[in-house]
Amino acid sequence: MNWLEFLLSLTIGASLILAYIHALIWAGETRQWAHPMFVASTLLIVVIAILELALARADQPHAYAAILRWIQVPAAMCFITFVLFVHLRFQAGRLWLGVLACLLKVAALVPNFTVGENLNFVTITSLERLTVMGGGVLVPHGSANAWMIVGQLANLLLVLFLLDAARRGYAKRLSPVGLRQFRIAGGMAAFTAAISLWWLLVVVGGLAAPIVVSPAFLLVLLVMSYELGGEHLSSVRLTKALETTETDLRQVERRMQDAVDAASLGLWNWDIGTNLTWMSGTGRQLLGLDAREEIELGLLLKRIEPGDRKAVLAALRAALAGRDGFHCEFRIDREQGSRRWIAARGQVDFYPAARARQMRGVLVDVSERKFAEERFRVLVEAAPTAMLVLDDSERIILANRQAELVFGYDRTELVGMVLAVLVPRPPAEEVGSLSLPRSGASMPGVGHELPAIRKDGEVLAVEMTLNPVELSQGSSVLVSVTDITARKAMERESSLQREELAHLSRVALLAELSGSLAHELNQPLTAILSNAQAAVRYLAHDPPNLPEVSLSLANIVESDKRAGEVIRRLRAMLRKERLEFASLDMNEVITDVLRIVSSDLLGKRVEIALELAPVLPRINGDRVQLQQVVLNLLVNGSDAMQALATGRLLRVRTQADGQGGLELAVCDVGSGIAPEDLARIFSPFVTTKRDGMGLGLAVCTSIIESHRGRLWASNNEGPGATLHVSLPGMALAPASVV
């Protein structure tokens, strides 16, 4: 036995073993049609190998030609098994190519048996024995058969069919199936092409070699067996793993059942084909069904209140159409008037043809939540303010009767309307914003005063407050809208009255300082008279003393400016105008007031000690009103020291408060303030003076509060008391106050 005969014998034995193994696998998995196709291919290769073994031992050309003729039959059948294997195993390759290849291969059998000695040779004239690797092999020589082109064309079509299957497997190479398809189909294509080329070259005399194809096909079989056997081994391992985890799955199922029971969830499954429904014990209990009662859809619908059936059926149709999962809420009457709310959730399983197969889901009792929502709706309806509930897109989903009265719209018109139609969104720089976590929608902040528009176009002043709430529809926003138009009108009226009172208080205070103001005016007027008389005398000289006249006239101008400044400050304090807020230096306000009141303080023997900070934050305020506050504090401080014979010291101090604002303190050394009066002295008509009206500090408090500040009093550690004023700086104060 030479090496070729040994190789062919080895091919026969290996092929038979592979056929036996896969026959056993097929016996256990009869639905896997790839295995019988593989067994058929293997047995056909055995037949081809046996005939090739006969070729190796043939001693006459006519015997060689006859064996070669019969080899074409299992080769054609092998074509068919290859195509069926690839198609059944992978559902890949262009089937028409495979069918055409098989038909041509079968058609080639006609000239194989009718034209010449076989499909490859018209006649074989001789057999040449060559020595290869120490053994002799037969090489045929003769005339090639022209009909051989049919067989070669069949081979080409088979290679194209296999390459197409390999290409599609490569496109899915990231999956194990795609990679397996690429390896098997690609290997079959490569070996088929190599065998066809080998056979063609031997027949036409281009290659001096024996006609042997079965060992090459054995390599294809090994690749196919490895892939099929590997898959079988994987399935065996998977089966063992499933058996190993089956107990764990049962334990998990028991735990899940315990959790479902603890959460009072009812499980259900509806077989759409039979219209029967399975339901757990908890689900039957929720619906008030008997434990053994057979359930079908019609029976369940009868349990649902008529008003909710339409919504349930609509949700059911949407789920069966595949538009969404099944979710709805409905009411049922379980026992003699015992009404409960049930929420149902489910998913539909579909057949490959997109037909609904079954639906499964859960039931849960949501009565407490629904009853709470009902109570919430009742409270919203009974609220004395306009109440609106918004969804994620800021559209109104609920409005009460008061909202109809405030905005002039009917409730049906309000539902679905965007909030911005009623309350236009202000610029971001004018008002804060509230960004709710449920949607990130930015809306006006809590408690801001905003303009609103009624249906008839009237503009209202409203105060709006937003609060997130959770309803069955999801995260929502509760909007409380209060009409403050009347209140704003009252505030404007109160502001006018407050300004009037402040003006009267200034007039009264300046009346008390009339002597001091007269002295302030008398001094420059006297100086004007004296300088004018001196100028007349200097002009009467011969010659006139013009330098002295010029000096006297300059003194007259200075004295006139001084008198004009006193009159200007007096007019500013006496004027009755709207507030004019501007950037102010508090130290300048204090020094202006001291010029007005300095004569009065000198007359009362009061010494002023100024401790003004060189650098202060500027404030936003009305100069006249702040001057009135400082003037009032100075007069009160000087009056508090009337009982002292000497040592009347009034200390005025300013300093930054460290928070962007400033603090003014006026300290006296009088008898102080009784502890119980520290807060009362700022109330109207409360005074510690015998002839006081009790309005000065009350007016000052109103002025400071309108400037977003604070006024308070405290007793010193030594004698006297201190009145404090705190005002915000420009960065903290409002741009304007009406």
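Would you tally the residues in segment 127-143 being more than 15 Å from H62 (Cα to Cα), assigned to a strand (DSSP E or B) and open to solvent by 40 Å² or more (accessible area, probe 1.4 Å)?
Final tally of qualifying residues: 4.
For segment 179-194, residues that are surrounded by 19 or more Cβ atoms within 10 Å (Cβ to Cβ) and closer than 20 Å to E52 by Cα total 2. Among the residues making up segment 272-327, those that are part of a loop (DSSP other than H, G, I, E, B) and within 12 Å of M359 (Cβ to Cβ) are I272, G273, N275, G322, G325. From the list W70, W33, W26, the lone residue that is aromatic (F, W, Y) and modelled with pLDDT of 80 or more is W70. Within segment 85-98, the set of residues being surrounded by fewer than 19 Cβ atoms within 10 Å (Cβ to Cβ) and touching a helix residue (DSSP H, G or I) at 6+ places or on another chain (Cβ under 7 Å) comprises L88, R94, L95. Taking the listed residues I21, I48, I17, I12, the one that is among the hydrophobic types (A, V, I, L, M, F, W, C) and either outside any helix (DSSP H, G or I) or farther than 16 Å from L222 by Cα (or both) is I48, with no other qualifying. Residues being in contact with a Pro (Cβ under 9 Å, 6 or more places away or on another chain) and within 18 Å of V106 (Cα to Cα): count how many of those fall in segment 42-74. Total satisfying the criteria: 5.
Tally time: how many residues in segment 102-121 are hydrophobic (A, V, I, L, M, F, W, C) and either in contact with an Asp or Glu (Cβ under 7 Å, 6 or more places away or on another chain) or modelled with pLDDT under 85 (or both)? Matching residues across segment 102-121 total 1.
Here A735 meets each of (1) hydrophobic (A, V, I, L, M, F, W, C); (2) modelled with pLDDT under 85; (3) open to solvent by less than 80 Å² (accessible area, probe 1.4 Å) with one exception, condition (3).
The residues of segment 103-126 that are hydrophobic (A, V, I, L, M, F, W, C), open to solvent by 20 Å² or more (accessible area, probe 1.4 Å) and either closer than 21 Å to V46 by Cβ or not in a loop (DSSP other than H, G, I, E, B) (or both), listed by number, are L103, L104, V106, A107, L109, V110, F113, V122. Would it be correct to say that F161 is more than 15 Å from Y64 (Cβ to Cβ), open to solvent by 50 Å² or more (accessible area, probe 1.4 Å) and among the hydrophobic types (A, V, I, L, M, F, W, C)? For F161, the condition - more than 15 Å from Y64 (Cβ to Cβ), open to solvent by 50 Å² or more (accessible area, probe 1.4 Å) and among the hydrophobic types (A, V, I, L, M, F, W, C) - is not met. Taking V39 as the residue in question, decide whether it is open to solvent by 10 Å² or more (accessible area, probe 1.4 Å) and in a strand (DSSP E or B). Judged against the criteria, V39 is not a match. Within segment 644-672, residues that are closer than 13 Å to P728 by Cβ sit with their Cβ atoms under 8 Å from residues that are in a loop (DSSP other than H, G, I, E, B) and open to solvent by less than 10 Å² (accessible area, probe 1.4 Å), at 6+ positions apart or across chains, in these pairs: G660/G729; G661/G729; L662/G729.
Would you pick out the residues in segment 645-670 that are open to solvent by 40 Å² or more (accessible area, probe 1.4 Å) and not in a strand (DSSP E or B)?
A645, T646, G647, D657, G658, Q659, G660, V669
Within segment 87-112, residues that are on the phi < 0 side of the Ramachandran plot sit with their Cβ atoms under 8 Å from residues that are of a type in the set (D, E) and at pLDDT 85 or above, at 6+ positions apart or across chains, in these pairs: A92/D164; R94/D164; L97/D164. The residues listed here are A386, A399, A315, A403; of these, the one that is buried (at least 17 other Cβ atoms within 10 Å of the Cβ), of a type in the set (G, A, S) and at pLDDT 85 or above is A315.
The values are calculated or read from the model by the stated rules, or taken from the named source; none is laboratory data. Please read these numbers as outputs of a predicted model, since none were measured by experiment. Because the Cβ atoms are built from the backbone with ideal geometry, glycine has one as well, and the counts that use them run over all protein chains shown. Surface areas here come from the heavy atoms of the whole protein model, side chains and all, with no ligands, DNA or RNA. Shrake-Rupley method; radii C 1.70, N 1.55, O 1.52, S 1.80 Å.
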